[in-house]
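Below is one structure, written out as structure tokens, with a few remarks after it.
The values are calculated or read from the model by the stated rules, or taken from the named source; none is laboratory data. Note that this is a predicted model, so its numbers are computed, not measured. Positions of Cβ are generated from backbone atoms using ideal geometry, with glycine treated the same way; all protein chains shown enter the neighbour counts. Surface accessibility is based on the protein's heavy atoms, side chains included, excluding ligands, DNA and RNA. Shrake-Rupley method; radii C 1.70, N 1.55, O 1.52, S 1.80 Å.
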Amino acid sequence: MPRIKDPSLSNEGKLKTEWAASEMQTLIKIKERFEKEKPLQGKNIACCMHVTSETANLMLTLKAAGAKIALAASNPLTTQDNVAAYLVSEGIDVYAIKGDDVSNYENNLKATLEIRPHMVMDDGGDLTVMIHKDAELLSNVIGGAEETTTGVIRLENMAKDGKLKYPVVAVNDSLTKQMFDNRYGTGQSTIDGILRATNILIAGKNFVVGGYGWCGKGVSLRAKGLGASVIVTEVDPVKALEAVMEGFRVMPMNEAAKVGDIFVTVTGGKHIINTNHMKLMKDKAILANSGHFDIEIDVEGLRKIASSSRDVRTHLKEYIVDRKKIYLLAEGRLVNSSAAEGHPAAVMDMSFADQALACEYILNNELSAGVHRLPESVDRDVAAAKLESMGIRIDKLSETQTDYANSWSE
Ligand code: ADE
């Protein structure tokens, strides 16, 4: 039995999903092919993803391909209850209610495994880790796909320790995913979340971005576009240098902490902002996280060092630390999905095209246990389909140019 908030919300969810689909023509084209070819016929897929209208279009694509699907929320705060209701009305087993606590979150994940999955589609790695604890279920799994940077890091650590027992496609690592979803998706939706939670002016603020991967690049770019003075903190010298050459100030978090007005963490790591940093901060500093898990800001530590706290607006909590105010957005969880609505459909289009094609790729190739990437040809096909859906045409190499590109003597 699915577990959702209210089945009567289904029509709202349908409209929302159709609206997202209008920006997801790459995925819809794959859905149309899947409807005819049924490449996933008879396969059960357990999914742990954000339950959004964009994900709904992916689920309907997998269903069109012949798969049976169970879906749990990868983050209880991002669940759209109306979309969950719509998916259930479409025959997809959804286990998600917005605001679920940790115990419900885990039970939701467990419930998806009741379909005895042949494939696992994950966002963050929790479902993958869970299924590895059940040898009987594990033996049924052909492969999996992982959506996000944090999940891929976990998978690589599992593989390094010899613990990853089936092939997983790191969808996150496809160029058509990370260059667009991580950069422009996180860039826009993070700013959107901060604005919805605070309605502050970004122009003229010192905007500190922890991490300069694709997500950090996107957040920095958009903050700069709104007139902020951007400061980047990094541990990787190449990325740090890239940020310098892009014109951003780069410094350790200890120094950034003293001057920042707004802080955003996007590293995939832990305690990027710790209580020592918090004590150095200016009055009214605003802290937000757009990394997958709520461990990038030491929220527990903040609660301990604060003399008091109060909710000021939705998703905006004020803490008093040494008589100064520190504002935490969305409890340190993904601000872009909690306070806003996650990435726009137009970028999820490519990420979820990659996800759908990853399922097909796993079935059509005998992959070894471990982490795999989709071939470059998939990136080219997905990008070409996206361009076509946007009405943008590009050049083709002429015969002379192709000959030159393939020669060495000229
Ligand atoms: N991850 C980030 N944004 C998302 C969205 N809109 N839907 C599903 N997963 C997401």
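Evaluate the following for residue 305: is it more than 18 Å from residue 211 (Cβ to Cβ) and buried (at least 19 other Cβ atoms within 10 Å of the Cβ)?
For residue 305, the condition - more than 18 Å from residue 211 (Cβ to Cβ) and buried (at least 19 other Cβ atoms within 10 Å of the Cβ) - is not met.
Would you confirm whether or not segment 157-168 contains a residue that is crowded, with 24+ Cβ neighbours inside 10 Å, within 16 Å of the ligand (Cβ to nearest atom) and under 25 Å from residue 382 (Cα atoms)? If you could, list the steps in order and put the result at the bottom.
Initially, segment 157-168 is screened for residues crowded, with 24+ Cβ neighbours inside 10 Å, giving 168.
Filter once more, so that each one left must be within 16 Å of the ligand (Cβ to nearest atom): none.
No.
Do we find a residue being open to solvent by 10 Å² or more (accessible area, probe 1.4 Å), at pLDDT below 95 and of a type in the set (A, V, I, L, M, F, W, C) anywhere in segment 273-296?
Yes: one or more hits.
Of the residues 218, 268, 185, which single one is closer than 30 Å to residue 49 by Cα, open to solvent by 10 Å² or more (accessible area, probe 1.4 Å), in contact with a helix residue (DSSP H, G or I) (Cβ under 9 Å, 6 or more places away or on another chain) and within 16 Å of the ligand (Cβ to nearest atom)? Full working, then the answer.
Values: 218 fails: open to solvent by 10 Å² or more (accessible area, probe 1.4 Å); 185 fails: open to solvent by 10 Å² or more (accessible area, probe 1.4 Å).
Selected residue: 268, the only one of 218, 268, 185 that is closer than 30 Å to residue 49 by Cα, open to solvent by 10 Å² or more (accessible area, probe 1.4 Å), in contact with a helix residue (DSSP H, G or I) (Cβ under 9 Å, 6 or more places away or on another chain) and within 16 Å of the ligand (Cβ to nearest atom).
Provide a single number: the residues in segment 221-234 that are open to solvent by 20 Å² or more (accessible area, probe 1.4 Å) and either under 20 Å from residue 291 (Cα atoms) or among the aromatic types (Phe, Trp, Tyr) (or both).
The first filter runs over segment 221-234 and keeps only residues open to solvent by 20 Å² or more (accessible area, probe 1.4 Å), leaving 221-222, 224-227, 229, 234.
Next cut, either under 20 Å from residue 291 (Cα atoms) or among the aromatic types (Phe, Trp, Tyr) (or both) only: 221-222, 224, 234.
Total meeting the criteria: 4.
Restricting the search to segment 102-148, which residues are open to solvent by 10 Å² or more (accessible area, probe 1.4 Å), among the hydroxyl-bearing types (Ser, Thr, Tyr) and within 25 Å of residue 180 (Cβ to Cβ)?
Residue satisfying the conditions is 148 alone.
Mind checking which residues of segment 16-42 are farther than 22 Å from residue 185 by Cα and open to solvent by 30 Å² or more (accessible area, probe 1.4 Å)? Full working, then the answer.
Restricting attention to segment 16-42, the residues satisfying the condition of being farther than 22 Å from residue 185 by Cα are 31-42.
Once the filter is applied, which keeps residues that are farther than 22 Å from residue 185 by Cα and open to solvent by 30 Å² or more (accessible area, probe 1.4 Å), segment 16-42 yields 31, 32, 33, 35, 36, 37, 38, 39, 41, 42.
Is segment 235-244 home to any residue that is in a loop (DSSP other than H, G, I, E, B), under 24 Å from residue 281 (Cα atoms), open to solvent by 30 Å² or more (accessible area, probe 1.4 Å) and of a type in the set (A, V, I, L, M)?
Yes, some residue in segment 235-244 is in a loop (DSSP other than H, G, I, E, B), under 24 Å from residue 281 (Cα atoms), open to solvent by 30 Å² or more (accessible area, probe 1.4 Å) and of a type in the set (A, V, I, L, M).
Look at segment 203-233 and say how many of its residues are part of a loop (DSSP other than H, G, I, E, B) and over 17 Å from residue 178 (Cβ atoms). Please lay out each step first, then the result.
Pass one, segment 203-233, residues part of a loop (DSSP other than H, G, I, E, B): 203-205, 211-213, 226-228.
Subset that is over 17 Å from residue 178 (Cβ atoms): 203-205, 226-228.
Qualifying residue count for the region: 6.
Output the residues belonging to segment 49-64 that are surrounded by fewer than 24 Cβ atoms within 10 Å (Cβ to Cβ) and either within 17 Å of residue 127 (Cα to Cα) or more than 14 Å from the ligand (Cβ to nearest atom) (or both).
Matches in segment 49-64: 63, 64.
So residue 309 clears everything in (1) assigned to a strand (DSSP E or B); (2) closer than 26 Å to residue 73 by Cα; (3) polar (S, T, N, Q) except one condition, right? Which one?
Going through (1) assigned to a strand (DSSP E or B); (2) closer than 26 Å to residue 73 by Cα; (3) polar (S, T, N, Q) one by one, residue 309 breaks only (2).
Is it true that some residue in segment 316-331 is within 16 Å of the ligand (Cβ to nearest atom) and either in a loop (DSSP other than H, G, I, E, B) or crowded, with 18+ Cβ neighbours inside 10 Å (or both)?
Restricting attention to segment 316-331, the residues satisfying the condition of being within 16 Å of the ligand (Cβ to nearest atom) are 330.
Applying the additional criterion that residues be either in a loop (DSSP other than H, G, I, E, B) or crowded, with 18+ Cβ neighbours inside 10 Å (or both) yields 330.
Yes, that holds for at least one residue.
Of the residues 77, 71, which single one is within 15 Å of the ligand (Cβ to nearest atom) and either more than 24 Å from residue 357 (Cβ to Cβ) or in a helix (DSSP H, G or I) (or both)? I'd like the intermediate steps shown before the answer.
On the way: 71 fails: either more than 24 Å from residue 357 (Cβ to Cβ) or in a helix (DSSP H, G or I) (or both).
Just a single option satisfies the conditions, and that option is 77.
Kindly list, by first and then second residue, each pair from a residue in segment 1-15 that is among the aliphatic types (A, V, I, L, M) to a residue that is outside any loop (DSSP other than H, G, I, E, B) and at pLDDT 95 or above, limited to pairs with Cβ atoms under 7 Å and residues at least 6 apart or on different chains.
4/81; 4/84; 4/85; 4/88; 4/94; 9/81; 9/82; 9/85
Is it true that some residue in segment 49-62 is part of a strand (DSSP E or B) and within 22 Å of the chain's Cα centre (by Cα)?
Let us first name the residues in segment 49-62 that are part of a strand (DSSP E or B), namely 49.
If we keep only those that are within 22 Å of the chain's Cα centre (by Cα) too, we end up with 49.
Checked against the condition, which is being part of a strand (DSSP E or B) and within 22 Å of the chain's Cα centre (by Cα), segment 49-62 yields at least one hit.
Is it fair to say residue 185 is assigned to a helix (DSSP H, G or I) and among the small types (Gly, Ala, Ser)?
Details: assigned to a helix (DSSP H, G or I): yes; among the small types (Gly, Ala, Ser): yes.
Yes: the conditions hold for residue 185.
Could you figure out which of (1) assigned to a strand (DSSP E or B); (2) touching a residue at least 24 places away in the same chain (Cβ under 8 Å) isn't true of residue 278?
(1)
Kindly provide the set of residues from segment 16-33 that are within 15 Å of residue 80 (Cβ to Cβ) and without any contact (Cβ under 8 Å) to a residue 12 or more places away in the chain, ordered by number. If you could, list the steps in order and put the result at the bottom.
First, the residues of segment 16-33 that are within 15 Å of residue 80 (Cβ to Cβ): 16-21.
Within segment 16-33, just 18 meets the criteria.
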